[in-house]
Amino acid sequence: MRPVDLADVRSRARAAFLGLALGDALGATVEFLTAAEIRVTHGVHAELVGGGWLHLRPGRVTDDTEMALCIARAVDAAGGWDLRGIADGFARWMRAGPVDVGSTCRKGIRRWMLEGTLAGPPHEGDGGNGAAMRVLPVALLTAADRALLERLALEQARITHHHPLSDAGTLHVGELVHLALLGHGKARLRRASDALVARVP
């Protein structure tokens, strides 16, 4: 493998956050629509037009980007990993009345606020993608350290989600960020995704 250019890695990390926000703002318009419904309504959906079920302004992000920013701000404020700071950030964010809070996230954040517990018990209803959608700052913090990614990604996930499918998705998104940060292309990322599907059909 070629030597890693740290300036390039930093640039990729900044681009990853921008890509998260742009993808979120673009996707919010068509969230919960089928591919056929998107074609009928938008043709090829490639512009930040807002709307969608949340009736967002063009360029407005959803809870996915906002919760990722909560994690990033807590890490920045602490100068490192701070799970309680992350949970507190989620609570402040929810109290501020965001445009949307997923039901599983709301349940976990309320448990933290009321009970002070950083992880809920395993639950069949926790198999959603909320923890995966906000894992980017964890992947950036752990930069190619797979073992550390696994520990920290699941710690932040368990604040709201505790289910094997959520775990697998969250770790996989983190793995893809690691690969992309190191300069691997789409073919390598696709092989990693195919391997996940083979492990977790």
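The values are calculated or read from the model by the stated rules, or taken from the named source; none is laboratory data. Source: prediction; values computed, not measured. Virtual Cβ from ideal backbone geometry, glycine too; neighbours counted across all protein chains shown. Just the protein is used for accessible areas: all its heavy atoms, side chains included, with ligands, DNA and RNA removed. Shrake-Rupley method; radii C 1.70, N 1.55, O 1.52, S 1.80 Å.
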When (1) over 18 Å from the mean Cα position of the chain (by Cα); (2) not in a helix (DSSP H, G or I) are applied to residue 101, the one that fails is (1)
Scan segment 50-61 and tell me whether some residue there is open to solvent by less than 50 Å² (accessible area, probe 1.4 Å) and within 17 Å of the chain's Cα centre (by Cα).
yes
Checking the conditions here, which among 132, 168, 144 is open to solvent by 10 Å² or more (accessible area, probe 1.4 Å) and assigned to a loop (DSSP other than H, G, I, E, B)?
144
All but one of (1) out of contact with any strand residue (DSSP E or B) (no Cβ under 8 Å at 6 or more places or on another chain); (2) within 30 Å of residue 181 (Cα to Cα) hold for residue 111; which doesn't?
(2)
Where the second residue is open to solvent by 20 Å² or more (accessible area, probe 1.4 Å) and the first is β-branched (Val, Ile, Thr) and lies in segment 69-80, which pairs have Cβ atoms under 8 Å and are six or more apart or on separate chains?
75/81; 75/82; 75/141
Would you list the helices (runs of 4 or more DSSP H) that sit entirely within segment 1-98 and hold 2 or more residues that are among the basic types (Lys, Arg)?
6-28, 83-95
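If you check 13, 46, 36, which single one turns out to be open to solvent by less than 60 Å² (accessible area, probe 1.4 Å) and either out of contact with any helix residue (DSSP H, G or I) (no Cβ under 9 Å at 6 or more places or on another chain) or over 22 Å from residue 173 (Cβ atoms) (or both)?
The match here is 36.
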Within segment 147-157, can you find the residues that are open to solvent by less than 50 Å² (accessible area, probe 1.4 Å) and not aliphatic (A, V, I, L, M)?
156
Of all residues in segment 171-188, which are touching a Lys or Arg at 6+ places or on another chain (Cβ under 8 Å), touching a residue at least 60 places away in the same chain (Cβ under 8 Å) and surrounded by fewer than 19 Cβ atoms within 10 Å (Cβ to Cβ)?
183
